[in-house]
Amino acid sequence: MAARNSPVKSAQYQIVGGGLIGLATAYALLLRGAKNVRVIEAREAVGLETSYANAGMVHASLANPWNGPEVGGQLLRSLLGQSAAMRLRPSALPSLLGWGRKFLRYSSGGHHWHATRHNYLLAEYSIGLNREWRDELSIDDGYDGDGLLKIFRTQEDLETAKDSAAKLHEFGLDTAYFTTAQAIEKEPALASIAGQFEGGIYYPTDFKADAHAFCQALEKAVINLGGEVIVETSVAKFMQNNGKIVGVETNTGPVLADTTIICAGAQSQELLKPLGINLGLRPVKGYSLSFPKELVTDGGVYPKIPVVDDSLHGAITPFDGFIRIAGTAELAGYNRSMSAKDLSPLLGMLKQVFPHISQNLSLENAKAWHGFRPVSADGLPIIGKTSMAGLAVNTGHAHMGWTLCAGSGALLADVLLGEPLKVSAEVFSPQR
């Protein structure tokens, strides 16, 4: 077993899952004075699953859950072989029957706005903490605070997005509405498609940063504060005593704790199933392609800020050493395959947004990745104590894990330690 500060005693809190959410939870607990905090990670190092190669965008602006009012039509079009923002593989249908009905029920306007509003409030809190932590820890993760730009190919889509942004503006969302010319002034690399989009919305408080590098920095911080991080340690089952969870059985033996916190992303659902706890989560698969910067410049204008193309449903983030395009929301179960058919649409999106720097790129040039986002039926994360003593969860963040990690970790830490809450906990409770 590879380990950092290997476990020698029962912990006060132990966290299953060494990604963004688990590490943020551990760090928040330690900052508040918790003792003997442990992180258990199944992989050989932290941050290698869904936290590894996501879009790299921290964005309160994209707080709306994926099950918007249009999602039913998207799923139907995908089954018919048509292009859609959310795809459904027929092989996944049996696992989605009960969850899928709830997912569609919560796509109605009122439910969707309820989830969007609370996700946004948690995101605002989380982004503030994210900035505090990176300053305190001097984190080097490619951070650039110059905002995010979302572009729209039709005037109708732009006006719809403006209406949605206006509703969040009441809660603090900072926006600027751009014409095509203004969008190009902000991101000159869009000049080559000047006649192909109608305008954009700029979100100045969103930013880009590398989530995997942030995970590595949090791991060091946890250890420096006296916490433990153990890797290559997979959980087989829970240990109980008189109805209370007292630890977990792992491939290396029992690991005990007063409170065990499940932060295992989409796998949280499967881990908790033997206890009779149904979180209402399903994995939604996403992909990304990363291209070395030297292959994409070729004398062209290299992009400066993250760009989301609303019509193509793709997100492009330029880093110092590489450019990454991420997209696709695919209900495919835990299918880990990655074919050219799965990845080619991402390359096509990159070529449609930045054709001047990408026409010579191919999938052979790319570092391909996929991850499983944990998506709840009602579009809200699941944060708090479960119905079983000694057991808590922090999962269900969908596409917002990077954005919500600091706030979610801090919220759960405050709930567990009885500290005053900065945002509502009830709306995210596993027992809601």
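The overall shape of the stretch 112-210 is oblate: from the C-alpha gyration tensor, with semi-axes ordered a ≥ b ≥ c, the ratio a/c is 1.5 or greater and a/b is no larger than b/c. Output the 0 to 90 degree angle, nearest 10, between the alpha-carbon long axis of helix 340-353 and the longest principal axis computed from the alpha carbons of the chain. Computed tilt is about 50 degrees. Within the shell of other residues whose beta carbon sits under 15 angstrom from the beta carbon of K102, the net charge comes to +3, with Lys and Arg scored +1 and Asp and Glu -1. Computed from Cα positions, the angle between helix 401-417 and the longest principal axis of the chain comes to roughly 30 degrees. With the whole protein complex present, H59 retains an accessible surface near 10 Å², based on a 1.4 Å probe.
Where the alpha-carbon atoms of the stretch 339-432 are placed on the principal axes, they occupy 56, 25, 21 Å, in descending order. What residue among I223, I151, I193 has the largest mean-square fluctuation in a Gaussian network model of the chain, using Cα springs under 10 Å? Evaluated over the chain, the most mobile residue of the options is I193.
Could you work out the relative contact order of the stretch 242-364, using alpha carbon pairs under 8 angstrom and six or more residues apart, expressed as a whole percent? All intermediate terms of the calculation are to be shown ahead of the outcome.
Details: 148 pairs, mean separation 26.6, N = 123.
Reported as a whole number, the value is 22 percent.
Dipole magnitude for the stretch 273-432: about 340 debye, using +1 per Lys or Arg Cβ and -1 per Asp or Glu Cβ, origin at the Cα centre. Counting Lys and Arg as +1 and Asp and Glu as -1 over every other residue whose Cβ lies under 11 Å from the Cβ of A183, the net charge comes to -1. Accessible surface for K9 stands near 100 Å², nearest 10, in the context of the full protein assembly shown (1.4 Å probe).
The portion of the accessible surface of the chain made up by carbon and sulfur, rounded to a whole percent, is 51 (1.4 Å probe; DNA, RNA and ligands excluded). When the Cα positions of A211, F319, Y143 are compared along the charge dipole of the chain, A211 comes out farthest toward the positive end, with charges on each C-beta of Lys, Arg, Asp and Glu.
Rounded to the nearest 500, the 222 nm mean residue ellipticity of the chain from helices alone is -10000 deg cm²/dmol, with -39,500 (n - 2.57) taken per DSSP H run of at least 4 residues. Taking the chain as the reference, fit the longest principal axis to its C-alpha atoms, fit the long axis of helix 20-31 to the helix C-alpha atoms, and give the angle between the two in degrees, 0 to 90, nearest 10. So the inclination is approximately 50 degrees.
In this view, the solvent-accessible surface of D146, computed with a 1.4 Å probe and all protein chains in place, comes to about 50 Å². Relative contact order, whole percent, for the stretch 66-146 stands at 29, derived from Cα pairs under 8 Å and 6 or more residues apart.
Taking a probe of 1.4 Å, how large is the accessible area per residue of the chain, in Å²?
Details: 17080 Å² over 432 residues.
About 40 Å² of surface per residue is accessible.
Only the Cβ atoms of Lys and Arg (+1) and of Asp and Glu (-1) were treated as charged; on that basis the dipole of the chain about its Cα centre amounts to roughly 1380 debye.
Residues S358, S339, sorted by accessible area with the largest first, give S339, S358 [1.4 Å probe; ligands and nucleic acids excluded].
Quick check on my link table: of K102/K341; K102/K150; K102/K162; K162/K285; K150/K304, which ones sit more than 21 Å apart, alpha carbon to alpha carbon? Those over the limit are K102/K341; K102/K150; K102/K162; K162/K285. The residues packed around D342, meaning those with a beta-carbon under 13 Å from its beta-carbon, carry a net charge of +4 if Lys and Arg are +1 and Asp and Glu are -1.
The values are calculated or read from the model by the stated rules, or taken from the named source; none is laboratory data. Remember, predicted model here, so these are calculated numbers, not experimental data. Because the Cβ atoms are built from the backbone with ideal geometry, glycine has one as well, and the counts that use them run over all protein chains shown. Only protein heavy atoms, including side chains, enter the accessible area calculation; ligands, DNA and RNA are left aside. Shrake-Rupley method; radii C 1.70, N 1.55, O 1.52, S 1.80 Å.
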